[in-house]
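Worksheet for the structure shown next.
The values are calculated or read from the model by the stated rules, or taken from the named source; none is laboratory data. Keep in mind that what you see is a predicted model, and the values were worked out from it rather than measured. Virtual Cβ from ideal backbone geometry, glycine too; neighbours counted across all protein chains shown. These accessible areas exclude ligands, DNA and RNA; they are computed on the full protein's heavy atoms, side chains included. Shrake-Rupley method; radii C 1.70, N 1.55, O 1.52, S 1.80 Å.
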Amino acid sequence: MSLLSKLRCITVDVTGTLIAYKGELGDYYCMAAKAIGLPCPDYKRVHEGFQIAYTDMAQKYPCFGFSAKMPNIVWWKTCVRDSFVKAGYEYDEETFEKVFRRIYSTFGSAAPYSVFQDSRPFLRWARSKGLIVGLVSNAEYRYREVILPSLGLNKEEWDFGVFSGIEGIEKPDPRIYRLALERAGNGIAAEEVLHIGDSMRKDYVPAKSIGMHALLLDRFKTEAAKDWREAGAIVLPDLVAVQELLESDKLKC
């Protein structure tokens, strides 16, 4: 039996799979600083500072502060401040507030993101086949409420979303995939679901661990893709290739 004929639901990762960041993080931090008359911070230092600060915050307050009941804006304000400090930039409170407000507003809009050209056609194709389409993402509430709708990825393309900042569970915890099964409804079983993502650790392994089918996208030709294939994963370059593979009936179950 072909996999497509058995599927009732497809779940998809968001960042790196459906959408991508435009430019580099340093671009937006620099623009925010310059907008209020400050010198442009060093891109590399800010980027490295952000990576450290974000990792620290994610460990101390996972799911964007969900369990600690930390407001989203407070989580990001702490992260952005620490990013600048670790990069060697310390601003007074009034100055930092101006910079932060610009950064927070920018990343809560469509401005820093772009939608891959094959994303909407694939999601609509899946729904045309009668499949329920869900999103599973380590993202905060603004993805669902603001960012995705402003990018044109709305209810015409997907049926439900599971976002870590709203649910308090994040990938690679398998529970986020079990929650996706619940949201899919209609008594859908794990073996009737295909998950598509771009991370072996966060997407492929946990989805497979609960019985889902899974495959990975390698849009950016990463070195890790070779290891993914050697580990037995199906790795494809884009969603066009996913659709072609599913329609070819070469995937059996």
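Points worth noting:
- The H on the amide N of Y113, modeled in the peptide plane, is under 5 Å from the matching H of K22, each at least 5 residues off or on a different chain.
- Anisotropy class of the stretch 122-253 from Cα gyration tensor, a/c 1.5 cut: rounded
- Cα-only radius of gyration and Dmax that characterise the chain, units Å: 19.4, 64
- Relative contact order for the chain: 26 percent, from Cα pairs under 8 Å spaced at least 6 residues apart, divided by residue count.
- Computed from Cα atoms alone, the Kirkwood hydrodynamic radius reported for the stretch 25-108 is 12.8 Å.
- Once you reduce the stretch 69-89 and the stretch 156-201 to the center of their Cα atoms, the two points are 29 Å from each other.
- Per-atom-type breakdown for the stretch 160-234 gives carbon and sulfur 48% of the accessible area (1.4 Å probe, protein chains only).
- Subtracting the Cα-Cα distance of D27 and T106 from 0.36 nm times their residue separation leaves 27.3 nm of extension gain.
- Rounded, prolate or oblate (a/c below 1.5 giving rounded, otherwise prolate when a/b exceeds b/c) for the stretch 96-174 by Cα gyration tensor: oblate
- Rounded percent of accessible protein surface that carbon and sulfur make up, the stretch 25-108, 1.4 Å probe: 54
- Between the residues Q243, F66, G232, the greatest Cα displacement towards the positive end of the dipole of the chain, with unit charges on the Cβ of Lys, Arg, Asp and Glu, is found for Q243.
- FRET E, pair E191, S150, Förster distance 35 Å, beta-carbon r, rounded to 0.05: 0.50
- Solvent exposure of the stretch 25-108, expressed per residue, is 55 Å² of accessible area, with all protein chains present and a 1.4 angstrom probe.
- Net dipole in debye of the chain [+1 Lys, Arg Cβ; -1 Asp, Glu Cβ; about Cα centre; nearest 20]: 320
- Equivalent ellipsoid semi-axes, the stretch 46-160, via Cα gyration tensor eigenvalues times 5, rooted, Å: 33, 15, 12
- Each residue of the stretch 153-158 is assigned a 3J(HN,Hα), and the resulting list reads 9, 10, 5, 6, 10, 9 Hz, derived from the Karplus form 6.51 cos²θ - 1.76 cosθ + 1.60 (θ = phi - 60°), x at Gly and Pro.
- Between K6 and S248, the C-beta separation translates, for a Förster distance of 22 Å, into a calculated FRET efficiency of about 0.90.
- Computing FRET efficiency as 1/(1 + (r/R0)^6) for L38 and Q59, where r is the C-beta to C-beta distance and R0 is 25 Å, gives about 0.25.
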